[in-house]
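The values are calculated or read from the model by the stated rules, or taken from the named source; none is laboratory data. Because the structure is a prediction, the values reported are computed rather than measured. Ideal geometry is used to build each Cβ from the backbone, glycine not excepted, and the neighbour counts take in all protein chains shown. When the accessible area is computed, the model is the full protein with side chains, heavy atoms only, and any ligands, DNA or RNA have been set aside. Shrake-Rupley method; radii C 1.70, N 1.55, O 1.52, S 1.80 Å.
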Amino acid sequence: MAQQDEVFKKIVSHAKEYGFVFQSSEIYDGLSAVYDYGQNGVELKNNIKRYWWDAMTLLHDNIVGIDSAIFMHPTIWKASGHVDAFNDPLIDNKDSKKRYRADVLIEEAIAKIEEKIEKEVAKAKKRFGESFDEALFRETNPRVCEHKAKRDALHQRFSDAMNANDLNELRQIIIDEEIVCPISGTRNWTEVRQFNLMFSTEMGSTADGAMKVYLRPETAQGIFVNYLNVQKTGRMRLPFGIAQIGKAFRNEIVARQFIFRMREFEQMEMQFFVRPGEELKWFQTWKEWRLKWHKALGLGDEKYRYHDHEKLAHYANAATDIEFQMPFGFKEVEGIHSRTNFDLSQHEKYSGKNIKYFDPELKENYVPYVIETSIGVDRMFLSVLCSSYEEQQLEGGDTRVVLHLPAALAPVKCAVLPLVKKDGLPDKAREIVNDLKFDFATHYDEKDSIGKRYRRQDAIGTPYCITVDHQTLEDNTVTLRHRDTMEQTRVSVDDLHKLIHDSVSLNSLLRKLA
Ligand code: GAP
């Protein structure tokens with residue numbers, strides 16, 4: 001785990017050093033859990049968004065996009081349940097004055113017991129070697145069984161407290177489990193209180209007339225309140241979907257792990273409207289399709305897993321997360337929820353407007369059911385960054401840091417490098433850039449040795465380097481260097497476009513989903 005922490009720290013500093021992610025307001029000592037994307041980060045982020053947007057809107061002729069405003073009528077958040085129930089239970093340590101999520105403290109205590117189980121298994125594996133029967137050991141070893149029983153009891157008590165919204169019981173669990181503050185090391189805890197995660201501000205110029213409005217905590221509600229506008233103006237028939245990418249804001253109590261949990265972040269959400277009774281079939285379809293979208297990137301199939309929710313929110317009848325193996329464990333990147341007709345019915349009730357869909361085949365009016373796919377752009381960015389980062393030992397004792405980004409997502413697709421800064425090589429290199437730049441994000445770089453320039457491009461994940469040398473002036477050929485293998489091939493300048501296009505285009509990625 002310590003080694004994974006070290007790797008994660010390196011990834012975070014690499015992201016800063018190479019213009020991917022900066023701490024917001026850094027020269028003012030930063031703003032907690034808010035980040036800015038730099039010159040390479042914004043390109044990678046845009047490519048992720050483009051991949052999602054095109055996969056949704058180009059590959060499905062029944063999905064269209066919208067871009068709704070961040071500010072919405074405050075009653076929307078009453079109807080959706082966010083005003084009353086979008087809360088986290090918080091607890092303060094009186095000595096360190098640090099604030100924690102009570103549920104996270106307990107989840108960490110459960111994770112510690114799980115670590116103990118894994119340690120026992122790892123020890124036994126080492127001791128018994130080939131003959132080790134792991135399943136049997138997990139079932140029968142007394143120490144493992146004891147840990148498992150403790151974990152299950154704690155998990156049950158925790159779930160019951162959360163479901164009953166019992167804040168006293170949450171505090172009591174923290175006391176009983178002897179959970180200490182990681183900073184002060186003490187158990188001097190306050191009561192547990194509910195903390196609403198929505199940011200609010202005032203809209204309007206006069207104190208009397210000002211209205212309290214919220215920064216949206218999810219983009220989904222903008223889709224719900226527009227579904228009938230889109231359906232009618234687009235003459236859409238069920239089933240159909242509406243996609244949206246946009247900022248969301250949550251006043252997270254515990255914000256950590258870099259861009260994993262932020263206070264301002266971006267979501268890519270799609271609501272798929274279906275006939276009542278057909279929602280579980282569509283839930284299954286979207287669950288499979290979304291995993292396929294992730295896997296098509298080639299980051300490693302083993303890095304994904306589903307986490308099906310056993311306990312469902314009152315409005316959902318099925319829910320799963322797609323988790324990705326980050327350096328700090330498997331974590332949720334995307335949620336897929338069957339939200340029944342809860343949100344639309346609530347908006348019908350609170351707005352007093354009829355927002356039923358008329359089904360021309362059934363000749364019936366009804367409120368559609370909804371399957372939601374909701375993925376965080378920043379978490380997706382983090383999963384791509386973490387799985388692409390590698391410190392490679394090269395022959396001759398040299399090392400390089402390389403980002404094996406999926407080529408279609410790479411911020412720069414190719415770099416054109418004149419071998420030397422004279423003899424007409426820069427002019428020829430510029431000529432090549434001026435041709436390629438219309439189709440690919442292309443860099444020109446003439447500073448430092450060619451080796452250093454290759455390393456710089458490796459570090460930002462550029463799939464191709466094109467080196468212009470004296471031979472280029474004679475026969476119009478260049479060396480094409482491949483980022484991952486470092487292999488160099490001599491190719492004609494006339495073939496560059498085709499050679500690069502085939503592997504870096506979003507097109508080839510999208511075709512895997514067809
Ligand atoms: N409309 C459903 C919804 O918002 P959610 O599970 O709360 O569901 C969906 O959020 C996704 O948004 C998550 O899977 C995650 O990728 C991303 N997300 C949520 N909170 C976030 C935060 N504080 N920072 C970064 N991403 C976040």
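Could you list, in sequence order, all residues of region 497-506 that are open to solvent by 20 Å² or more (accessible area, probe 1.4 Å), in contact with a helix residue (DSSP H, G or I) (Cβ under 8 Å, 6 or more places away or on another chain) and not small (Gly, Ala, Ser)? 497, 502, 506, listed by residue number. Among all residues of region 445-467, there is none that is hydrophobic (A, V, I, L, M, F, W, C) and without any contact (Cβ under 8 Å) to a residue 12 or more places away in the chain. Restricting attention to region 194-220, report how many residues are assigned to a strand (DSSP E or B) and touching a residue at least 24 places away in the same chain (Cβ under 8 Å). Qualifying residue count for the region: 8. Being closer than 29 Å to residue 299 by Cα and either modelled with pLDDT of 95 or more or open to solvent by 10 Å² or more (accessible area, probe 1.4 Å) (or both) holds for only one residue in 466, 432, and it is 466.
The set of residues in region 365-400 being among the hydrophobic types (A, V, I, L, M, F, W, C) and within 16 Å of the ligand (Cβ to nearest atom) consists of 370, 371, 375, 377, 380, 381, 382, 384, 385, 386. Please indicate, with yes or no, whether at least one residue in region 245-256 is among the basic types (Lys, Arg), surrounded by fewer than 20 Cβ atoms within 10 Å (Cβ to Cβ) and at pLDDT 95 or above. Yes, region 245-256 contains a residue that is among the basic types (Lys, Arg), surrounded by fewer than 20 Cβ atoms within 10 Å (Cβ to Cβ) and at pLDDT 95 or above. Considering (1) open to solvent by 50 Å² or more (accessible area, probe 1.4 Å); (2) modelled with pLDDT of 95 or more, say which one residue 216 fails and leave the rest. The failed condition is (1).
Within region 478-496, the set of residues being part of a helix (DSSP H, G or I) and exposed (fewer than 15 other Cβ atoms within 10 Å of the Cβ) comprises 494, 495. Consider residue 191 carefully, then state whether it is assigned to a loop (DSSP other than H, G, I, E, B), open to solvent by 20 Å² or more (accessible area, probe 1.4 Å), away from the ligand (no atom under 16 Å from the Cβ) and touching a helix residue (DSSP H, G or I) at 6+ places or on another chain (Cβ under 9 Å). Here the answer is yes, as residue 191 does meet what is asked.
Which residues, taken from region 3-48, are in contact with a Ser or Thr (Cβ under 6 Å, 6 or more places away or on another chain) and open to solvent by less than 60 Å² (accessible area, probe 1.4 Å)?
If the condition is that a residue be in contact with a Ser or Thr (Cβ under 6 Å, 6 or more places away or on another chain) and open to solvent by less than 60 Å² (accessible area, probe 1.4 Å), then 34, 35 are the ones that fit.
Looking across region 384-401, the residues that are within 13 Å of residue 11 (Cβ to Cβ) and either free of Cβ contacts under 8 Å to residues at least 60 places away in the same chain or touching a Ser or Thr at 6+ places or on another chain (Cβ under 8 Å) (or both) come down to 390, 391. Restricting attention to region 387-419, the residues being modelled with pLDDT of 95 or more, assigned to a helix (DSSP H, G or I) and surrounded by fewer than 21 Cβ atoms within 10 Å (Cβ to Cβ) number 1. Here residue 168 meets each of (1) part of a helix (DSSP H, G or I); (2) open to solvent by less than 60 Å² (accessible area, probe 1.4 Å); (3) in contact with an Asp or Glu (Cβ under 9 Å, 6 or more places away or on another chain) with one exception, condition (2). Please specify each residue of region 344-359 satisfying the condition of being within 15 Å of residue 239 (Cα to Cα) and either in contact with a helix residue (DSSP H, G or I) (Cβ under 8 Å, 6 or more places away or on another chain) or open to solvent by less than 40 Å² (accessible area, probe 1.4 Å) (or both). Correct list: 356, 357, 359.
Give the residue that is farthest from residue 61 (Cα to Cα), with candidates limited to residues of region 217-274 that are away from the ligand (no atom under 14 Å from the Cβ) and in contact with a Gly (Cβ under 9 Å, 6 or more places away or on another chain). Applying the filter and picking the extreme gives 273.
Of all the numbered requirements in (1) open to solvent by less than 60 Å² (accessible area, probe 1.4 Å); (2) closer than 27 Å to residue 33 by Cα, residue 230 misses one, and that requirement is (2).
Look at (1) out of contact with any Leu (no Cβ under 9 Å at 6 or more places or on another chain); (2) without any contact (Cβ under 8 Å) to a residue 40 or more places away in the chain; (3) among the aliphatic types (A, V, I, L, M) and you find that residue 236 fails only one, number (2).
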